[in-house]
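Student: Quick one: the structure is below, questions incoming.
Where a number appears in this text, it was derived from the coordinates with a stated rule and is not lab data. If you're wondering where the values come from, they're calculated on a predicted model, not measured in any experiment. Neighbour counts are summed over all protein chains in view; Cβ atoms, including those assigned to glycine, are modelled from backbone coordinates with ideal geometry.
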Amino acid sequence: MDITGVSNVLYTDISLDSFRKKSVQYVLGLWPSVIGTFISPDNSDLTLVADKIAESHKLSDSWVEAYFCRDDEMDEFWENNGYEVMPDGEGPFGILLCERFKGISTIEGFQESKPEDGTHPPDPYSTLLISNNLSVIDILTPGLVEEDPFSESIFKNILEIGESLISE
């Protein structure tokens with residue numbers, strides 16, 4: 001099977017523990033019958049259905065990858081098609097986390113979405129990100145957020161979770 005899905009990367013210094021909890025709460029609200037697979041740093045995985053996700057103490061704050069399907073039908077679709085939008089307009093998605101890292105990263109095609117003073121270099125441009133304490137959140141969606149309404153919704157809602165944690 002070809003690699004499918006779209007990677008939407010966010011760099012952040014928010015608490016990943018809080019992000020994990022709020023992300024799971026969001027998915028439980030989105031899909032009451034969700035099937036979630038959670039992968040821990042030691043690569044062990046745990047697949048749970050919605051009611052078990054809500055009450056599981058095994059999840060704690062340690063997962064580094066989480067994959068979500070609405071139900072058994074979507075899970076089977078995902079097995080056969082990868083990250084694709086189903087005919088009903090929804091599809092599986094994932095969240096991958098890379099804990100804090102230090103270093104210099106080059107960002108190509110950088111565009112400023114909200115320049116504070118109204119001026120900015122021509123878009124897009126390249127820049128360096130020098131970090132002492134950033135994490136990466138990678139939101140895997142079944143389509144491009146610019147083209148697929150479901151992928152856009154997932155991305156925007158998870159981005160809002162991140163934004164809500166900025167002051168914590």
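Student: Viscosity 1.002 mPa s, temperature 20 °C: what is the translational diffusion coefficient of the range 15-103 from Stokes-Einstein with a Kirkwood Rh over Cα pairs, rounded to a whole number of µm²/s? Mind showing how you got there, number by number?
Tutor: Details: Rh = 13.6 Å.
The estimated diffusion coefficient comes to 157 µm²/s.
Student: What length, rounded to one decimal in nm, is gained on full extension from residue 152 through to residue 52, with 0.36 nm per residue of separation minus their alpha-carbon distance? Provide the component values of the computation, followed by the final result.
Tutor: On the way: separation 100, 0.36 × 100 = 36.00 nm, distance 2.76 nm.
Length gained, residue 152 through residue 52: 33.2 nm.
Student: OK, next. Once label points are set 7 Å from the Cα along Cα→Cβ at both residue 130 and residue 44, what is their separation, rounded to one decimal in nm?
Tutor: 4.2 nm
Student: Given labels modelled 7 Å from the Cα in the Cβ direction, how far is it in nm from residue 76 to residue 62?
Tutor: Distance between label points: 3.4 nm.
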